[in-house]
Amino acid sequence: MPAVQPDTGASGATLTIDLGALVSNWRLLGKRAGTEAGAVVKADAYGLGIEPTATALAKAGCKNFFVAHVSEGIRARKVAPDAAVYVLNGLLPGTCGAYAEHALSPVLGSHEELLEWASFRQSGAKTRPAALHVDTAMNRLGLWAGEGLNLAREKSGVIAAADVGLLMSHFASSEDSTDPANARQIAAFAEIAAAVPELPASLMNSSGHFLDNCPSYQLTRPGYALYGGNPTPGQPNPMQPVIGLEAQIIQVREVESGTQVGYNGRWTAKGKRRLATINLGYADGYPRNGSWTDASTGGSALLDGVPCPFVGTVSMDLIIIDVTDVPASVAQRGASVTLIGGPLDLEAVGAGAKTIGYEILTSLGRRYERRYIGG
Ligand SMILES: *Cc1c(COP(=O)(O)O)cnc(C)c1O
């Protein structure tokens with residue numbers, strides 16, 4: 001269970017995390033791929049907590065976890081003692097000892113990293129197999145695809161010396177199944193994988209599971225879809241929702257037409273409106289970009305199933321919502337308001353804030369009371 005934080009519950013907003021739905025999503029992805037699904041739990045499991053999520057997934061049989069940093073890997077290792085834990089950001093200089101100590105697997109993405117890891121292993125250190133990352137589009141991390149292909153074709157000794165046990169690459173635009181870059185990446189990766197058929201390989205992220213003509217290889221690396229994000233944007237979400245976020249109304253007031261609302265008076269009431277102030281804000285991960293102003297559209301909350309726009313600038317700890325369309329008997333002090341849940345899914349919340357659901361998830365606040373259910 002997660003560490004209790006000093007102001008847990010004190011803000012009044014509650015984040016519910018359904019570990020049963022998380023596990024169902026993981027099983028669905030593995031079934032769909034017809035191969036072993038890993039789990040990407042970087043960024044504190046996309047904001048939902050490494051320890052509770054990795055514990056639930058390990059219990060369900062997940063044997064491969066991916067994190068971004070060594071520090072995250074150490075946390076995953078504690079709750080998944082038998083799993084492979086891959087560190088996607090690769091081997092920073094001088095960190096080999098930490099990898100060995102915590103039985104972590106570096107995702108090696110350059111010749112320097114390969115050589116540093118290989119020479120560390122030659123000193124006799126006991127290590128877990130590493131992964132080799134080839135870059136087939138992103139120009140971000142990984143050996144350039146041509147270099148990867150050369151190493152593979154030459155049966156380069158460094159692959160054995162570094163004890164590489166997994167070959168991987170990452171999609172740049174798999175959430176857009178019509179992007180021709182997907183087929184190019186699939187082909188480039190297939191060529192490298194074919195040159196080292198003895199090495200298990202991994203290509204699919206969440207959306208990759210839903211691409212046509214994408215081989216599953218031996219291991220997949222879903223993140224976002226595990227947590228209920230839609231891997232097929234614009235189409236029905238095949239995943240179960242995992243999180244719900246509820247806040248509370250602190251005050252309700254009526255304002256006359258022409259009243260300016262919030263910091264800098266950026267939203268003006270057009271007609272008599274009823275407004276409610278709720279107890280979370282940008283310090284809880286709600287971007288100021290989600291504000292409705294006189295010049296821009298923004299996000300909303302649901303009260304009694306009715307969308308209530310965020311009017312005026314989102315404040316640090318508060319958001320003002322327009323509850324005019326909700327019966328006054330419902331829009332009361334203390335009433336619960338849905339920020340994420342039902343039709344207000346991660347994609348809708350992201351769109352309201354002019355960003356993507358991934359950013360909403362990973363920005364989720366630290367002040368919520370977190371309720372883990374279904375574990
Ligand atoms: C973050 C990440 C993933 C997971 O991506 P999702 O789109 O969240 O499924 C997989 N592989 C790599 C290399 C990543 O960085």
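The values are calculated or read from the model by the stated rules, or taken from the named source; none is laboratory data. Quick caveat, the model's predicted, so the values are computed rather than measured. Counting neighbours? That spans all protein chains shown, and the Cβs are built from the backbone with ideal geometry, glycine included. Protein only, heavy atoms only, side chains kept; ligands, DNA and RNA dropped before computing areas. Shrake-Rupley method; radii C 1.70, N 1.55, O 1.52, S 1.80 Å.
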Residue 298: passes all of (1) open to solvent by 20 Å² or more (accessible area, probe 1.4 Å); (2) farther than 17 Å from residue 317 by Cβ but (1)
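Test residue 371 against the stated conditions and say whether it is of a type in the set (Lys, Arg), surrounded by fewer than 20 Cβ atoms within 10 Å (Cβ to Cβ) and closer than 19 Å to residue 13 by Cα. Can you show your working first?
Numbers: of a type in the set (Lys, Arg): yes; surrounded by fewer than 20 Cβ atoms within 10 Å (Cβ to Cβ): yes; closer than 19 Å to residue 13 by Cα: yes.
For residue 371, the condition - of a type in the set (Lys, Arg), surrounded by fewer than 20 Cβ atoms within 10 Å (Cβ to Cβ) and closer than 19 Å to residue 13 by Cα - is met.
Answer yes if at least one residue in segment 292-300 is aromatic (Phe, Trp, Tyr), out of contact with any Lys or Arg (no Cβ under 6 Å at 6 or more places or on another chain) and more than 16 Å from the ligand (Cβ to nearest atom), and no otherwise.
Initially, segment 292-300 is screened for residues aromatic (Phe, Trp, Tyr), giving 292.
Cutting the leftovers down to out of contact with any Lys or Arg (no Cβ under 6 Å at 6 or more places or on another chain) gives us 292.
Then keep just the ones that are more than 16 Å from the ligand (Cβ to nearest atom); that gives 292.
For segment 292-300, residues aromatic (Phe, Trp, Tyr), out of contact with any Lys or Arg (no Cβ under 6 Å at 6 or more places or on another chain) and more than 16 Å from the ligand (Cβ to nearest atom): present.
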Of those in segment 201-216 that are away from the ligand (no atom under 15 Å from the Cβ) and within 30 Å of residue 156 (Cα to Cα), the residue least open to solvent (accessible area, probe 1.4 Å) is 215
Going through segment 174-191 in order, the residues found to be in contact with a Leu (Cβ under 9 Å, 6 or more places away or on another chain), within 14 Å of the ligand (Cβ to nearest atom) and under 16 Å from residue 210 (Cβ atoms) are 174, 177, 182, 185
Flagged in segment 151-173 as away from the ligand (no atom under 14 Å from the Cβ) and either open to solvent by less than 20 Å² (accessible area, probe 1.4 Å) or closer than 15 Å to residue 231 by Cα (or both), in numbering order, are 151, 152, 162, 164
Inside segment 217-274, the number of residues satisfying the requirement of being in a strand (DSSP E or B) and within 13 Å of the ligand (Cβ to nearest atom) is 2
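Is it true that some residue in segment 121-134 is of a type in the set (Gly, Ala, Ser), in contact (Cβ under 8 Å) with a residue 12 or more places away in the chain, open to solvent by less than 60 Å² (accessible area, probe 1.4 Å) and within 16 Å of the ligand (Cβ to nearest atom)?
Taking every residue of segment 121-134 in turn, at least one turns out to be of a type in the set (Gly, Ala, Ser), in contact (Cβ under 8 Å) with a residue 12 or more places away in the chain, open to solvent by less than 60 Å² (accessible area, probe 1.4 Å) and within 16 Å of the ligand (Cβ to nearest atom).
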Within segment 156-176, can one find any residue that is within 29 Å of residue 234 (Cβ to Cβ), out of contact with any His (no Cβ under 7 Å at 6 or more places or on another chain) and of a type in the set (Asp, Glu)? yes
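Answer yes or no as to whether residue 114 is more than 16 Å from the ligand (Cβ to nearest atom) and in contact with a helix residue (DSSP H, G or I) (Cβ under 8 Å, 6 or more places away or on another chain). Show your work before the answer.
Values: more than 16 Å from the ligand (Cβ to nearest atom): yes; in contact with a helix residue (DSSP H, G or I) (Cβ under 8 Å, 6 or more places away or on another chain): yes.
Against the criterion (more than 16 Å from the ligand (Cβ to nearest atom) and in contact with a helix residue (DSSP H, G or I) (Cβ under 8 Å, 6 or more places away or on another chain)), residue 114 qualifies.
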Q. In this structure, does residue 347 turn out to be open to solvent by 40 Å² or more (accessible area, probe 1.4 Å), acidic (Asp, Glu) and in contact with a Pro (Cβ under 7 Å, 6 or more places away or on another chain)?
A. yes
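Report yes if residue 146 is part of a loop (DSSP other than H, G, I, E, B), open to solvent by less than 70 Å² (accessible area, probe 1.4 Å), out of contact with any Pro (no Cβ under 9 Å at 6 or more places or on another chain) and away from the ligand (no atom under 15 Å from the Cβ), otherwise no. Talk me through it step by step, then tell me what you get.
Details: part of a loop (DSSP other than H, G, I, E, B): no; open to solvent by less than 70 Å² (accessible area, probe 1.4 Å): yes; out of contact with any Pro (no Cβ under 9 Å at 6 or more places or on another chain): yes; away from the ligand (no atom under 15 Å from the Cβ): yes.
Taking the combined requirement at face value, the residue does not satisfy it.
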Of (1) farther than 30 Å from residue 19 by Cβ; (2) surrounded by fewer than 23 Cβ atoms within 10 Å (Cβ to Cβ); (3) not hydrophobic (A, V, I, L, M, F, W, C), residue 233 fails just (1)
* Any hit, segment 79-96, residues being more than 16 Å from the ligand (Cβ to nearest atom), assigned by TED's automatic domain parsing to the domain that holds residue 218, assigned to a helix (DSSP H, G or I) and surrounded by 19 or more Cβ atoms within 10 Å (Cβ to Cβ) -> yes
Apart from one, (1) in contact (Cβ under 8 Å) with a residue 40 or more places away in the chain; (2) under 17 Å from the mean Cα position of the chain (by Cα) all hold for residue 54; the odd one out is (1)
Over segment 9-51, the set of residues in contact (Cβ under 8 Å) with a residue 12 or more places away in the chain, open to solvent by 20 Å² or more (accessible area, probe 1.4 Å) and closer than 16 Å to residue 219 by Cα is 26, 27, 28, 32, 34, 35, 36
